[in-house]
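**Student:** Sharing a structure with you now.
The values are calculated or read from the model by the stated rules, or taken from the named source; none is laboratory data. Here the structure is a predicted model, which means the values were calculated and not measured. Note: ideal-geometry Cβ built from the backbone for every residue, glycine included; neighbour counts use all protein chains shown. For accessibility, only protein heavy atoms count, side chains too; no ligands or nucleic acids. Shrake-Rupley method; radii C 1.70, N 1.55, O 1.52, S 1.80 Å.
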Amino acid sequence: MAPLDLDKYVEIARLCKYLPENDLKRLCDYVCDLLLEESNVQPVSTPVTVCGDIHGQFYDLCELFRTGGQVPDTNYIFMVCKHWEYQILTKIIEHFCFFIDECQTKYGNANAWRYCTKVFDMLTVAALIDEQILCVHGGLSPDIKTLDQIRTIERNQEIPHKGAFCDLVWSDPEDVDTWAISPRGAGWLFGAKVTNEFVHINNLKLICRAHQLVHEGYKFMFDEKLVTVWSAPNYCYRCGNIASIMVFKDVNTREPKLFRAVPDSERVIPPRTTTPYFL
């Protein structure tokens, strides 16, 4: 079998075209093999650029790369929601069915959905920059005191509705004493005391997280022990917000970079034609 032509795949994606189904399957299998080798708390070295939610806004993702630098010249951490297609309550139907419908429209079957969700199930839970900056999608959990406890989570599964794994994805920082019930229906609200204790116990300088829309692109909290990074400009194509990425040259040198949404005139909607299994 011929080796994967990753550069070709990237170029196809940049043109907003779809990979043939067979190539998509091979690519997803390749990524799964790579993810098998990664820890729940994946160590990453600086320099690195940290990104928040992108919510499938493809042309804005391209703008993100123009702002931060192209891969592989720039290393990135994306704190996107693991298993983004699995959401609670009414969002289950909205996202779950939308993704399947997209795959059905583009490929004529649900196989592409299966390939992608297999990858989603294996995505790592967190990243640790130079052993001092923790990156996680949502926030903290009352069941997690140390990074080693995150390392023991069984991540090859859909996100549970409660427990430590759920909390890491769904929790939010808030002006509360310690812990409070989250209005999301999953995860917790956690305050400065909880954050400072976790940072101290684990010898961290900063917690980076995403998960919440920030109109200014990023927001520091709790004496700059925590930062929310949001990377989807004009979220849902109507919020009008700025997006950001956070560049770390080292653990003590950080620089937020802001960017706006790509104008509608520069967005090309590809034709809704079924993609062949082979090209």
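**Student:** Going by the structure shown, is residue 225 more than 19 Å from the chain's Cα centre (by Cα) and over 21 Å from residue 66 (Cα atoms)?
**Tutor:** yes
**Student:** With the condition being of a type in the set (Val, Ile, Thr) and either modelled with pLDDT of 90 or more or open to solvent by less than 40 Å² (accessible area, probe 1.4 Å) (or both), I'd like the strands (runs of 3 or more DSSP E) fully within region 10-118 carrying at least 3 qualifying residues.
**Tutor:** 48-51
**Student:** Please work out if residue 184 is open to solvent by 30 Å² or more (accessible area, probe 1.4 Å) and either at pLDDT 95 or above or touching a Ser or Thr at 6+ places or on another chain (Cβ under 7 Å) (or both).
**Tutor:** no
**Student:** Turning to a different aspect of this structure: Looking at (1) without any contact (Cβ under 8 Å) to a residue 40 or more places away in the chain; (2) in contact with a helix residue (DSSP H, G or I) (Cβ under 6 Å, 6 or more places away or on another chain), which is the one condition that is false for residue 224?
**Tutor:** Just one mismatch for residue 224, condition (2).
**Student:** Search region 199-222 for residues being under 18 Å from residue 175 (Cβ atoms) and of a type in the set (Val, Ile, Thr), and hand back the single one that is farthest from the chain's Cα centre (by Cα).
**Tutor:** 199
**Student:** Next question. Taking the condition in contact with a strand residue (DSSP E or B) (Cβ under 9 Å, 6 or more places away or on another chain), modelled with pLDDT of 90 or more and open to solvent by 70 Å² or more (accessible area, probe 1.4 Å), does residue 148 pass?
**Tutor:** Taking the combined requirement at face value, the residue satisfies it.
**Student:** Output the number of the condition that residue 205 fails; it satisfies all remaining conditions of (1) open to solvent by 30 Å² or more (accessible area, probe 1.4 Å); (2) over 24 Å from residue 151 (Cα atoms).
**Tutor:** In the conditions (1) open to solvent by 30 Å² or more (accessible area, probe 1.4 Å); (2) over 24 Å from residue 151 (Cα atoms), residue 205 misses (2) alone.
**Student:** When you check residue 119 against the structure, is it of a type in the set (Val, Ile, Thr) and within 15 Å of the chain's Cα centre (by Cα), yes or no?
**Tutor:** It is true that residue 119 is of a type in the set (Val, Ile, Thr) and within 15 Å of the chain's Cα centre (by Cα).
**Student:** Is it the case, given these coordinates, that residue 152 is β-branched (Val, Ile, Thr) and closer than 30 Å to residue 250 by Cβ?
**Tutor:** Against the criterion (β-branched (Val, Ile, Thr) and closer than 30 Å to residue 250 by Cβ), residue 152 qualifies.
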